[in-house]
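The values are calculated or read from the model by the stated rules, or taken from the named source; none is laboratory data. A quick note: this is a predicted structure, and the numbers were derived from the prediction, not measured. Heads up, the Cβs are rebuilt from the backbone with ideal geometry, glycines too, and the neighbour counts pull from every protein chain shown. Remember, those area values only see protein heavy atoms, side chains included, never the ligands or the DNA or RNA. Shrake-Rupley method; radii C 1.70, N 1.55, O 1.52, S 1.80 Å.
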Amino acid sequence: MRVRKYGSAVAVAAATALVLSACGGGGAGSSESTSSAGGTDESSSDGGEAPAAGDITVGVSMPTQTSERWIADGDAVKAGFEDEGYTVDLQFANDDIPTQSQQVDQMITSGVDLLIIAAIDGTALSGQLAAAAAADIPVISYDRLIRDTEDLDFYVTFDNFEVGVQQGTSLLVGLGVLNADGTEGTETGPFNIELFAGSLDDNNAKFFFDGAMSVIQPYIDSGVLVVPSNQTSIDQVATLRWQQEVAQKRMEDLLTASYSGDAEVDGVLSPYDGISRGIITALQNAGYGTTIADGLPIVSGQDAEIASVKLIADGVQFATIFKDTRKLADQAVATGNQILAGEEPEANNTTDYDNGVFVVPSYLLESDIVYADNIESLLVDSGYWTADEVASGQAG
């Protein structure tokens, strides 16, 4: 892999920040943490003055604030790097590709020392990354792989294929085809299902879909599952920008075109909670009932958004996938520290994430399926959401 070797002054500052953090400085983003690191005066091995950790700036580019998940990611990454004593420039691009490109350009021009980027469109930032490489600024791709460029240092994400496997599994569990422990259930169908995928400009969408289909396709082949619309390729079922209203409109169109007479939907594969809520709205408006108990189809999800967690608790949405973004932020910070110190960052996957130019070294994290009966153990006991937030469906 290509890991840039940085000047000893930056490496010393990064090491200093790590030592200070280990010694128990102030909390995330606190002035105590920043000032104590910033007051350090070290000399580099070449005789120059090492910059204080507070003089090292990390640029963090997040795709949007329309999803609570990305707000939480941005805040967690910012707090983690500030806890190390670094200055952080966090910006959200509001799902607009030119805005994200401009924001990253500005970060490069301002002289950030490290870039953390969760791309809106993984193919749209090659020019920015080339400029970053020319300025010797390392780049970590965050959760969404940046494609078609050699100017990328690392990728931190969840095991996205396994996330898809969990999505498909949760749908099968909801239908009774599988039990929650993965053993064969008692139901044999046939069940009518429809498939949704994420946005094609997000590299993760394909991993999610392929993972889900790896467990769903055998049941389609055997006749246990039927897709009345015959829309089974990712190009047919993708949802631009993961938008809830786009998903709702497509579900409405599917009901009109493929479910006349006595035909009814039994389940829907959804790759994201916002998409799930759009699907559920369409189904409820079509008279399928308000909860699973009174006829609403099984709908999967992802991201454990608080609105959907409440729907799961209320028996409306069946499941979601919990990706603990606090862990992802922690991994981004750990990787950033290693790179800034001139070290090769720790990877646990060097085979699966080809961005079209090279296989990007990656660190993958694990995820969990959330059902109604494990909301407390997975989400409340871990402090991700409180019981009051789950009850209200709103973040406190």
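Determine the calculated [θ] at 222 nm for the chain from helices alone, applying -39500 (n - 2.57) to every DSSP H run no shorter than 4 residues and normalising by the residue count; nearest 500 deg cm²/dmol.
-12500 deg cm²/dmol
Roll a 1.4 angstrom probe over the protein heavy atoms and tell me the percent of accessible area of the chain that is carbon or sulfur.
Percent of accessible area from carbon and sulfur atoms in the chain: 48.
Taking the alpha-carbon centroid of each part, what is the distance from region 355-393 to region 258-278 in angstrom?
Comparing the Cα centres of region 355-393 and region 258-278, I get a distance of 23 Å.
Could you give me the ³J(HN,Hα) list for region 188-194, computed from phi with Karplus coefficients 6.51, -1.76, 1.60 and θ = phi - 60°, whole Hz, x at Gly and Pro?
Ordered by residue, 3J(HN,Hα) equals 10, x, x, 10, 7, 10, 10 Hz.
Which one, Val360, Gly383, Ala395, is farthest towards the positive end of the dipole of region 329-396 when Lys and Arg carry +1 and Asp and Glu -1 on their Cβ?
Among Val360, Gly383, Ala395, the one farthest towards the positive end of the dipole of region 329-396 is Val360.
Over the chain, average the accessible area per residue using a 1.4 Å probe and give it in Å², no decimals.
Details: 15420 Å² over 396 residues.
Spelled out: the 1.4 Å probe surface of the chain, per residue, equals 39 Å².
Taking the chain as the reference, fit the longest principal axis to its C-alpha atoms, fit the long axis of helix 203-222 to the helix C-alpha atoms, and give the angle between the two in degrees, 0 to 90, nearest 10.
30 degrees
Which values, in whole Å and largest first, are the semi-axes of the equivalent ellipsoid of the chain obtained as the square root of 5 times each eigenvalue of the Cα gyration tensor?
42, 21, 17
With the dipole of region 135-195 worked out from charges on the C-beta (+1 for Lys and Arg, -1 for Asp and Glu) around the Cα centre, which of Pro138, Asn179, Leu152 lies farthest toward the positive end?
Towards the positive end, the residue furthest out is Asn179.
Indicate, rounded to the nearest 5 percent, the antiparallel portion of the DSSP beta bridges found entirely in the chain.
20 percent
On C-alpha positions alone, give me the angle between the axis of helix 325-340 and the longest principal axis of the chain, in degrees, nearest 10.
Helix 325-340 sits at roughly 30 degrees to that axis.
For the chain, take the longest principal axis of its alpha carbons; what is the angle in degrees between that and the long axis of helix 68-83, to the nearest 10 within 0 to 90?
On a 0 to 90 degree scale, this one is about 20.
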